[in-house]
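Student: Let me give you the structure first, and then I'll get to my questions.
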Amino acid sequence: MMDKYNIVFITGDAWRADFVDSYANVPLLSALNTVRDRTVRFTNAYANAPWTSPGLLSMLTGEPVFKHGVHFSWSSPRSGSPSVIKSLKSQGWQIPTLTYLNGLSNYITLGYPEDEIPGDHDPVRLIRAIESTDEPFFLWFHYHDSHMPWNAAEHRKAMGIDEGAIPARLRDSVCSQFTVPRSEFTWNQEDKDLICRLYATNILRMNEWLIRVFSALRSRGLTRNTSVVITSDHGEELLDHGYVGHASTQCYGTLYEEVLRIPLIVIDPRAKSRTLRGRVQGLDLFSTLLGLAGAVVPASAGIDLSDAISGKQEAISRLESNKREFLFHSSRMGFRTPKEYEGHGVSAISNGEWKLIIENYGSERTMLFNLKDDPLEKDPVVNGTRVEYWRKKLLSASSPNK
């Protein structure tokens with residue numbers, strides 16, 4: 001029988017893949033320096049959706065975004081969906097409820113007791129759980145304070161921000177609002193650097209919290225048998241395509257790289273420091289979390305990355321050479337989509353070289369991008385045989401029965 005390992009699963013909200021190490025030469029996640037010798041970094045990880053619920057549901061159920069069925073605020077996962085939580089609980093892991101999201105219908109079938117839902121997103125809750133939960137445990141915490149508003153004023157000086165120079169258009173939007181709908185705000189491209197610095201202050205706040213998380217693990221002697229998996233539910237646009245935010249904050253869903261690429265960092269006592277460049281997706285975490293825990297891993301649409309994390313060369317080679325096609329989807333306005341737009345959505349398929357996006361918000365728009373020649377997705381191909389080839393692939397793959 002495999003040893004049972006504890007799992008600490010941290011999902012940051014709206015955290016971009018390129019805001020891990022530094023921005024403008026300012027270090028961001030210095031907390032990782034203390035665990036660098038056993039840290040595995042995935043540099044090409046993707047969420048399967050550009051807003052919280054569908055992205056997290058793919059991670060926690062191992063199901064493609066079209067299959068688990070969570071696309072709106074009122075959605076619930078299909079009743080037969082598997083779940084990391086249900087699987088580990090049945091195999092003896094302690095699983096306290098730490099995340100306020102579990103009170104939403106989107107998460108109702110995951111296996112958390114309905115009478116234990118936290119009423120807020122206090123990050124101290126994870127630290128207390130590390131200090132007190134019986135082993136083996138699975139602790140999922142969704143860190144919310146990386147999300148807008150970017151109000152971590154205590155870190156603005158470190159990011160070189162002059163308080164008096166923040167224009168009112170930013171103070172009244174990204175610095176103070178939870179959502180910034182396209183219809184209500186206009187962005188200036190000249191603000192891009194300042195917007196990025198303001199965003200980075202919230203990542204610095206997360207760094208302070210991670211330092212405390214790692215300290216709690218060391219204090220209890222858990223680093224020898226605990227795997228920490230840190231990722232994000234989705235990315236964030238920072239004027240990459242003229243706007244700020246993601247589907248639920250812009251109130252307009254897009255599937256560009258900046259809202260899909262996410263950090264994926266695994267700190268594990270069985271691992272040695274390495275960077276893995278193979279493409280992975282959110283739904284791979286279902287099998288990976290179970291594999292790292294030492295639990296039974298059922299069949300899934302994703303793959304178990306635990307062998308690659310532990311350094312098995314065959315698994316690493318398979319991962320690096322993998323050409324899988326990933327699927328992505330969003331409702332028109334993410335969590336804020338009203339019933340009148342239930343039939344609207346945007347979907348995409350990508351193999352890492354080509355990405356086709358079909359947006360249907362009353363009228364259809366199709367865009368094919370060559371990600372190698374056009375990584376910023378500025379010059380779409382809109383017709384031709386290659387567009388039709390990928391269009392047919394996406395329409396076939398997006399069936400809930402696939």
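Student: Are any residues in the stretch 211-234 of a type in the set (A, V, I, L, M, F, W, C) and in contact with a Lys or Arg (Cβ under 9 Å, 6 or more places away or on another chain), and if so, which ones?
Tutor: 216
Conditions (1) assigned to a loop (DSSP other than H, G, I, E, B); (2) under 27 Å from residue 205 (Cβ atoms), marked per residue:
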residue	(1), (2)
34	no, yes
37	no, yes
54	no, yes
66	no, no
98	yes, yes
102	no, yes
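Student: Hey, can you tell me all the residues within the stretch 280-317 that are in a loop (DSSP other than H, G, I, E, B) and free of Cβ contacts under 8 Å to residues at least 24 places away in the same chain?
Tutor: Of everything in the stretch 280-317, those that are in a loop (DSSP other than H, G, I, E, B) and free of Cβ contacts under 8 Å to residues at least 24 places away in the same chain turn out to be 297, 299, 303, 304, 312.
Student: Any idea which of 84, 65 is more than 14 Å from the chain's Cα centre (by Cα), of a type in the set (Val, Ile, Thr) and not assigned by TED's automatic domain parsing to the domain that holds residue 346?
Tutor: 84
Student: Within the stretch 323-335, is even one residue farther than 17 Å from residue 64 by Cα, outside the structural domain of residue 135 (by TED's automatic domain parsing), not small (Gly, Ala, Ser) and not in a loop (DSSP other than H, G, I, E, B)?
Tutor: Within the stretch 323-335 (the criterion being farther than 17 Å from residue 64 by Cα, outside the structural domain of residue 135 (by TED's automatic domain parsing), not small (Gly, Ala, Ser) and not in a loop (DSSP other than H, G, I, E, B)), the answer is yes, since at least one residue qualifies.
Student: Now a separate question. Taking residue 198 as the residue in question, decide whether it is assigned to a helix (DSSP H, G or I), buried (at least 22 other Cβ atoms within 10 Å of the Cβ) and assigned by TED's automatic domain parsing to the domain that holds residue 305. First the steps, then the outcome.
Tutor: Numbers: assigned to a helix (DSSP H, G or I): yes; buried (at least 22 other Cβ atoms within 10 Å of the Cβ): yes; assigned by TED's automatic domain parsing to the domain that holds residue 305: yes.
Against the criterion (assigned to a helix (DSSP H, G or I), buried (at least 22 other Cβ atoms within 10 Å of the Cβ) and assigned by TED's automatic domain parsing to the domain that holds residue 305), residue 198 qualifies.
Here's the yes/no breakdown for (1) within 19 Å of residue 264 (Cα to Cα); (2) within 23 Å of the chain's Cα centre (by Cα):
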| residue | (1), (2) |
| --- | --- |
| 324 | yes, yes |
| 333 | no, yes |
| 338 | no, no |
| 358 | no, yes |
| 377 | no, yes |
| 396 | no, no |
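Student: Which pairs do you get when a residue that is closer than 13 Å to residue 155 by Cα, found in the stretch 183-208, comes within reach of a residue that is small (Gly, Ala, Ser) and assigned to a helix (DSSP H, G or I), reach meaning Cβ atoms under 7 angstrom, with the pair 6+ apart or on two chains?
Tutor: Final answer for the pair search is 207/30; 207/31.
Student: Specify the residue that is surrounded by the fewest Cβ atoms within 10 Å (Cβ to Cβ); the eligible residues are those in the stretch 235-293 that are within 21 Å of residue 210 (Cα to Cα) and among the hydroxyl-bearing types (Ser, Thr, Tyr).
Tutor: Among them, the one singled out is 275.
Student: Let me ask something else about it. For the stretch 54-71, does any single residue satisfy the condition of being in contact with a Gly (Cβ under 9 Å, 6 or more places away or on another chain), in contact (Cβ under 8 Å) with a residue 12 or more places away in the chain, surrounded by fewer than 21 Cβ atoms within 10 Å (Cβ to Cβ) and not β-branched (Val, Ile, Thr)?
Tutor: Looking for residues that are in contact with a Gly (Cβ under 9 Å, 6 or more places away or on another chain), in contact (Cβ under 8 Å) with a residue 12 or more places away in the chain, surrounded by fewer than 21 Cβ atoms within 10 Å (Cβ to Cβ) and not β-branched (Val, Ile, Thr), one finds none in the stretch 54-71, hence no.
Student: Filter the stretch 99-115 down to the residues that are touching a residue at least 40 places away in the same chain (Cβ under 8 Å) and not β-branched (Val, Ile, Thr) and list them by number.
Tutor: Answer for the stretch 99-115, where residues must be touching a residue at least 40 places away in the same chain (Cβ under 8 Å) and not β-branched (Val, Ile, Thr): 100, 101, 104, 106, 107, 110.
Student: Something else about it: Which residues, taken from the stretch 367-402, are surrounded by fewer than 13 Cβ atoms within 10 Å (Cβ to Cβ), basic (Lys, Arg) and touching a Ser or Thr at 6+ places or on another chain (Cβ under 9 Å)?
Tutor: 402
Student: Evaluate the stretch 292-308: report whether one residue or more is of a type in the set (Val, Ile, Thr) and under 19 Å from the mean Cα position of the chain (by Cα).
Tutor: Yes; the residues of the stretch 292-308 include at least one that is of a type in the set (Val, Ile, Thr) and under 19 Å from the mean Cα position of the chain (by Cα).
Student: Give 320, 353, 364, 342 a once-over and let me know the one that is touching a residue at least 60 places away in the same chain (Cβ under 8 Å) and surrounded by fewer than 20 Cβ atoms within 10 Å (Cβ to Cβ).
Tutor: 342
Student: Within the stretch 34-43, does at least one residue satisfy the condition of being at pLDDT below 95, polar (S, T, N, Q) and more than 26 Å from residue 95 (Cα to Cα)?
Tutor: yes
Student: Looking only at the stretch 109-128, count every residue that is loosely packed, with under 13 Cβ neighbours inside 10 Å and either of a type in the set (Gly, Ala, Ser) or outside any helix (DSSP H, G or I) (or both) and tell me the total.
Tutor: 3
Student: Being surrounded by fewer than 16 Cβ atoms within 10 Å (Cβ to Cβ) and part of a helix (DSSP H, G or I) narrows it down to one residue among 135, 154; which is it?
Tutor: Values: 135 fails: part of a helix (DSSP H, G or I).
Every option except 154 fails the conditions.
Student: For the stretch 193-223, enumerate the residues that are charged (D, E, K, R) and under 21 Å from the mean Cα position of the chain (by Cα). If you could, list the steps in order and put the result at the bottom.
Tutor: So the first thing to find is which residues in the stretch 193-223 are charged (D, E, K, R), and the list is 193, 197, 205, 208, 212, 218, 220.
Those that are charged (D, E, K, R) and under 21 Å from the mean Cα position of the chain (by Cα): 197, 205, 208.
The values are calculated or read from the model by the stated rules, or taken from the named source; none is laboratory data. All values reported here derive from a predicted model rather than from experimental measurement. For neighbour counting, all protein chains shown are included, and Cβ atoms are generated from backbone atoms with ideal geometry for every residue, glycine included.
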